[in-house]
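*Asks:* Here it is, the structure, as structure tokens.
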Amino acid sequence: MDSGSVSTRGPCSVHPWRGYFRSVAMFRLQGSKVLAVDMTQDAVKAKNGSMVAYDGEMAFKKLSGGGEGLRGMVTRRITGEQMTVMEVRGQGTCWFADRASEITLVGLQGDKLYVESSNFLAADAGLRTGTSFTGTRGASQGNGLFTTTIEGHGQAAIMSDGPAVVLRVSAQYPLTVDPGAYVAHQGNLRQSFQSGVTFRTLFGEGGGEAFQIRFEGDGLVYVQPSERNTIAGDV
Amino acid sequence: MAFQEINSKMVQATVAPGQRLFSQRGAMLAYRGEVSFTPNLRGGQGGVMSMIGRRVANEDTPLMTVEGSGTVFFGHGGHHVQVINLSGDTLYVEADRLLAFEGTLEQSTVFLGSQGGVMGMVRGQVSGQGLFTTSLKGHGSVAVMAHGGVFEVPITPQRPVRVDPQAYVAHHGDVRNKLSTALGWRDMVGRGSGEAFQLELSGSGTVFVQASEEKL
């Protein structure tokens, strides 16, 4: 489960009888829109139907409720943060892509990644996924009040409309982003919701930037060069 | 090589007297020199019988003949363009993905039922290819369109490749293909992983896959 170890193909690198020495699927980008995952009898979680090609032997199984058990399934149903995920297990290389979206790889070392379920592409099967409450931010993003979390050690792949930029937030430099352009964030960040609604907005003369999300603390924010349709974008 | 990639969505072609090009009608963006564009009623090469064949097979994308001397720029619908060079082997591709190809290539329509019988026909239906597909054979280059970029996966006898039928673009070489199903009880109750049908390609050659499940 060490994300730093490189899993190589070949029988000598894998010892299935030694539970603690498990191989980890290798994520790499092929171009900016295709994710290639090299697997040696291990598994990844990926968005349903996102496989475009594979060689070797692979088995695809849908994970009901995102593979988070019955409790997770119920939570996802209730929160509307539904994510159809499949488990891909096997040996060989599997290529993933979805509607020509740009893909960003995120390495997690025990920290938590918050991502919209619609932006999630794939993650190491060893990572835990869950649902968390976002507060007022979610409503302004047009994505609902909940978001998906990914936690543990390993790699994850997220999608964005256009190549995502990674912006660092530190104590001295807080960051404010457009809710429609927000993709994901990780690290120890507090988020607050800002509104710049003035009397002009009420008269339909707003600048189109009436709502923003402000991130403070220490971490990374992924922003896409495109805006989803949000209520905030209209005013 | 007749085609030169200008950027990922545009190609430049050089035409000289005596060298013909075929391109999808309306795909010309700009040209230099003395070039004429003639709508090709027969939709490609061959005689009237080939034309009827294509009409019947619904593989009759409107084509035009490009002749003269100069350079022509091609692009269509903002789709990514991939140039594939053929040296004697056969490329199988859907007619509506063809942006342009050299006149030296021999174009024909292939009945999918002839590659694997009934399963070939089923495969065509599932992948949206229909019952027929277009093949190009000979020496020359082809510009093929795809949604969101193309990557090549080599096929070797030891390593067959399976492709999502919707992401399949084209293949060349000595390749046998068949539709493999991984239908289980989960798919029957609407709980499938979305990967129930796969196109299995074995032999030796190359398959081109696009980074999207969208058809053109």
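*Asks:* Return the distance in nm (one decimal) between the two label points of a simple spin-label model at B:LYS137 and A:ARG28, each offset 7 Å from Cα along Cα→Cβ.
*Replies:* Taking the simple label geometry, B:LYS137 and A:ARG28 are separated by 3.7 nm.
*Asks:* Which positions within segment B:195-214 get 30 Å² or more of their accessible surface covered by the other protein chains, compared to the chain by itself, with a 1.4 angstrom probe?
*Replies:* Checking the loss per residue gives B:GLU195, B:GLN198, B:ALA211, B:GLU213, B:GLU214.
*Asks:* While we're looking at this one, here's another question. Give me the one-decimal nm value for the distance between modelled label points at A:GLU227 and A:GLU57, 7 Å along each residue's Cα-to-Cβ direction.
*Replies:* With each label placed 7 Å out from Cα toward Cβ, I get 5.2 nm.
*Asks:* Additional query: Of the listed pairs B:LYS9/B:LYS215; A:LYS33/B:LYS215; A:LYS47/B:LYS215; A:LYS45/A:LYS112; A:LYS45/B:LYS215, which have alpha-carbon separations greater than 21 Å here?
*Replies:* Values: B:LYS9/B:LYS215 17 Å; A:LYS33/B:LYS215 16 Å; A:LYS47/B:LYS215 19 Å; A:LYS45/A:LYS112 16 Å; A:LYS45/B:LYS215 25 Å.
With Cα atoms farther than 21 Å apart: A:LYS45/B:LYS215.
*Asks:* Which residues belonging to segment A:92-129 lose at least 30 Å² of 1.4 Å-probe accessible area when the assembly is complete, relative to their chain isolated?
*Replies:* A:TRP95, A:ARG99, A:ALA100
*Asks:* Skipping prolines and chain starts, which residues have an amide H placed within reach, meaning under 5 Å, of the one on B:LEU99, given they are 5 or more residues away or on another chain?
*Replies:* Sorted by chain and number, the residues that satisfy this are B:ALA143, B:VAL144, B:MET145.
*Asks:* If you don't mind, another one. Could you compute the net charge surrounding B:THR104? Neighbours are other residues with a C-beta less than 15 Å from the C-beta of B:THR104; K and R count +1, D and E count -1. Provide the component values of the computation, followed by the final result.
*Replies:* Values: positive: B:ARG20, B:LYS137; negative: B:GLU67, B:ASP89, B:GLU102, B:GLU106.
Net charge around B:THR104: -2.
*Asks:* Please list 3J(HN,Hα) in residue order for segment A:45-53, calculated via the Karplus relation 6.51 cos²θ - 1.76 cosθ + 1.60 where θ = phi - 60°; whole Hz, with x for glycine and proline.
*Replies:* Working through the residues one at a time gives 9, 9, 4, 4, x, 8, 6, 10, 7 Hz.
*Asks:* Right, something else. Taking R0 as 60 Å, what's the FRET efficiency between A:ASN188 and B:SER180 from their Cβ-Cβ distance, rounded to 0.05?
*Replies:* 0.80
*Asks:* What number comes out for the charge environment of B:VAL144, summing +1 per Lys or Arg and -1 per Asp or Glu over other residues with Cβ under 14 Å away?
*Replies:* -2
The values are calculated or read from the model by the stated rules, or taken from the named source; none is laboratory data. Being a predicted model, the structure only gives us computed values, none of them experimental. Reconstructed Cβ throughout: ideal geometry from the backbone, glycine too, with neighbour counts over all protein chains shown. Protein only, heavy atoms only, side chains kept; ligands, DNA and RNA dropped before computing areas. Shrake-Rupley method; radii C 1.70, N 1.55, O 1.52, S 1.80 Å.
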